[in-house]
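The values are calculated or read from the model by the stated rules, or taken from the named source; none is laboratory data. Remember, it's a predicted structure, so these values are computed and weren't measured experimentally. Note: ideal-geometry Cβ built from the backbone for every residue, glycine included; neighbour counts use all protein chains shown. Each accessible area value is taken on the protein alone, full model and side chains, heavy atoms only, with ligands, DNA and RNA left out. Shrake-Rupley method; radii C 1.70, N 1.55, O 1.52, S 1.80 Å.
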Amino acid sequence: MTFYRHSGPRHYMSSTMTDRFDCYYCRDNLHGKKYVKKDEKHVCTKCFDKLCANTCAECKRPIGADAKELHHKNRHWHEDCFRCAKCYKPLASEPFIARDDGKIMCGKCSSREDGNRCQGCYKVVMPGSQNVEYKNKVWHEECFTCFECKQPIRTQSFLAKGDDIYCGPCHDKKFAKKCFKCKQPIQSGGISYQDQPWHSDCFKCSTCSKPLAGTRFTSHENHAYCVDCYKTDVAKKCHGCKNPITGFGHGTNIVNYEGFSWHEYCFNCKKCCLSLANKRFVISGEHIYCPDCAKKL
């Protein structure tokens, strides 16, 4: 198939008579009236529309004397009817393709109908030429370009977003998540913490900088800590056993009273070892007692 371009829609010749002159068909006097000259015959506009006008190949209606007409290979159209058969884009002043089945199409739609046309320039991809095939479509190698930077992809890796193709750097710049720590794109992997994306290598203990991905960790005031640093530097110490209260291991509940904290399992009567969590208790010195044992002191 071949691309064509119109020079523009045309009118039939028409003018106003000053001398006596009659319509070829109805013999109406054309003096001072508009007429059309067709095949060396002078015809009034009414007879032209009724007897001489070409029929539009699209809407099948006559193309009147006052209408703009386009023609191609013995076929005629109203200007507004000369559109792509697929996307209906007006083609009166655009390049078009006349297909063997009689359809008129813009280059883009024709290339989609005909698989051997380049999706970039819509020209035929010749057998043996350098080309790229992707999802049953074909491009000249130089036409297979990044949607963002417009550079040919060639041997680079690429990613698709809808119908658009991106080289790796442009895709990362436009779509990839940015690490909350270093602000660089996360190309693969990564973790999520507090609804923010992180590189695995950037997610580290706030104290010792040990990577935390895949390990147990805890947080305090929006900072993440490995278990050891949390125990040593952050966690409160149990007033009973003097060990850190971390929430790890056996028991997670805490008892707080007058600035002191206990593991729930350490909050026991000093004398009888009765658990006093959620019960009445008495403090004497640094120790706690149940009411009964407190009476015996």
Quiz item: Can you tell which of 50, 46, 37 is touching a residue at least 24 places away in the same chain (Cβ under 8 Å), over 30 Å from residue 121 (Cβ atoms) and not in a loop (DSSP other than H, G, I, E, B)?
Solution: 37
Practice problem: Run residue 176 past the list (1) surrounded by 14 or more Cβ atoms within 10 Å (Cβ to Cβ); (2) more than 26 Å from the chain's Cα centre (by Cα) and report the number of the one that doesn't hold. | Solution: (2)
Quiz item: Within the stretch 210-234, how many residues turn out to be hydroxyl-bearing (Ser, Thr, Tyr) and either under 22 Å from residue 188 (Cα atoms) or in contact with a His (Cβ under 9 Å, 6 or more places away or on another chain) (or both)?
Solution: 2
Self-check item: Top-ranked residue in the stretch 24-51 [being more than 57 Å from the chain's Cα centre (by Cα) and of a type in the set (Phe, Trp, Tyr); ranked as surrounded by the most Cβ atoms within 10 Å (Cβ to Cβ)]
Solution: 24
Quiz prompt | residue 65 open to solvent by less than 40 Å² (accessible area, probe 1.4 Å), part of a loop (DSSP other than H, G, I, E, B), out of contact with any Leu (no Cβ under 8 Å at 6 or more places or on another chain) and touching a residue at least 24 places away in the same chain (Cβ under 8 Å) | solution = yes
Quiz prompt | Matching entry among 106, 143 (being within 24 Å of residue 162 (Cβ to Cβ), modelled with pLDDT of 90 or more, surrounded by 14 or more Cβ atoms within 10 Å (Cβ to Cβ) and not aromatic (Phe, Trp, Tyr)) | solution = 143
Quiz item: Looking only at residues in the stretch 72-97 that are more than 20 Å from residue 62 (Cβ to Cβ) and in a strand (DSSP E or B), which one is most open to solvent (accessible area, probe 1.4 Å)?
Solution: 90
